[in-house]
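Structure first, commentary second.
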Amino acid sequence: MNSANITKFLVEMIVMMNPLGSLSIFLQLTKGFAYKRQRIIALHASLAMIIIMFLTLWTGERLLDLLGISLSSFRFAGGIILLLMGLSMLQSQESSVNHSSDDNAAARESESIAVVPVALPLIIGPGAISTMIITVNDFSSTAQKLCLSSICLGLALSMGLLLYFAQPIARFVGASAIKVITRIMGMVIMSVAAGMLSEGLIGLIPALG
């Protein structure tokens, strides 16, 4: 696993987690909450992200084998999910794949929203999970998994820090900048989706290669 592979995984995960878009939705979900409670949720969400990502990296491959799902079909399905996410982001809309109006209702009724819906599926959604499982299949040695785990640990802690200081960051960046960055990330996600779809299709129908 070289530096190019590490950079590719890091960039893809940052795009899938959509930090500024997630921050905006986090503020909507915690609107009216006390500042202290909002920060506690951010810390708990960060811990939940670490657990979810580690479980995905170390058990995701086995789960696919257990369910009899081929990597090619998983790549193809993941590509479709990313395509839908990218389209929503290009239009500056909240993707229903990662977040829906039902999540807002659940957040209002729940005492703790750190795990669901903040950590999962808002930040660690289907796109991020697909990316992790596909990457760990290509780099499956223990040393490589440890490397990927350390990257995910850094991402989860960084995301937790972003949510912890959500209000001042949102004021500093501004709503317009968040929308522009979200659209750019949408284009990147659609590019990744195109690659996953083509690789998955070739794997399912080798004659196309």
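Would you kindly derive the ³J(HN,Hα) couplings of region 70-86 from the backbone phi angles with the Karplus curve 6.51 cos²θ - 1.76 cosθ + 1.60 (θ = phi - 60°), listing them in order in whole Hz, with x for Gly and Pro?
Couplings: 6, 5, 5, 5, 5, 4, 5, 5, x, x, 5, 4, 5, 4, 5, 4, x Hz.
What lysines sit close enough to K31 to cross-link, taking a C-alpha to C-alpha distance under 22 Å and skipping anything fewer than 8 places away on the same chain?
K179
With label points built 7 Å along Cα→Cβ from the Cα atoms of K36 and L64, find their separation and express it in nm.
4.6
For an R0 of 25 angstrom, estimate the FRET efficiency from the Cβ-Cβ distance between S72 and F165 and round to the nearest 0.05.
Here the calculated transfer efficiency is 0.05.
Output needed for region 115-209: three equivalent-ellipsoid semi-axes, defined as square roots of 5 times the C-alpha gyration tensor eigenvalues, in descending order, whole Å.
So the three semi-axes of region 115-209 are 30, 20, 11 Å.
What's the angle, to the nearest 10 degrees (0 to 90), between helix 175-204's Cα axis and the longest principal axis of the chain?
20
Compute the signed sum of charges (Lys and Arg +1, Asp and Glu -1) over the other residues within less than 13 Å, Cβ to Cβ, of F165.
+2
Do you know the relative contact order of the chain, to the nearest whole percent, from alpha carbon pairs under 8 angstrom that are 6+ apart?
For the chain, the relative contact order is 45 percent.
Please give the direction-averaged projected area of the C-alpha convex hull for the chain, in square nanometres with one decimal.
12.0
By a straight-distance test (C-alpha under 19 Å), which lysines pair with K8 as possible cross-link partners, with residues fewer than eight away in the same chain excluded?
K145
So what's the angle, to the nearest 10 degrees on a 0 to 90 scale, between helix 142-164 and the longest Cα principal axis of the chain?
On a 0 to 90 degree scale, this one is about 20.
In the chain, with Lys and Arg counted as +1 and Asp and Glu as -1 at Cβ, which of these residues, V173, G186, I40, has the Cα nearest the positive end of the dipole, that is, farthest along it?
V173
Among 130-139, 28-37, what's the highest-first ranking by average C-beta atoms within 10 angstrom per residue?
130-139, 28-37
What full-extension length gain, to one decimal in nm, is calculated for Q28 and L153 as 0.36 nm per residue of separation minus the Cα-Cα distance?
Difference between extended and current length: 42.4 nm.
Can you list the HN-Hα couplings for region 130-138, worked out from phi with the Karplus curve (6.51, -1.76, 1.60; θ = phi - 60°), rounded to whole Hz and with x for Gly and Pro?
Working through the residues one at a time gives 4, 4, 5, 5, 5, 5, 5, 5, 7 Hz.
In degrees between 0 and 90, to the nearest 10, how far off the longest principal axis of the chain does helix 3-17 point, with axes built from Cα atoms?
It is inclined by approximately 50 degrees.
Quick one: putting +1 on the C-beta of Lys and Arg, -1 on the C-beta of Asp and Glu, what dipole do you get for the chain around its Cα centre, in Debye to the nearest 20?
With only Lys, Arg, Asp and Glu charged at Cβ, the dipole is about 600 debye.
Every number in this text was worked out from the coordinates using simple rules, so none of it is lab data. In this text, all values refer to a predicted model and were calculated from it rather than measured experimentally. Methodologically, a virtual Cβ is constructed for each residue, glycine included, from the backbone with ideal geometry; neighbour enumeration extends over all protein chains shown.
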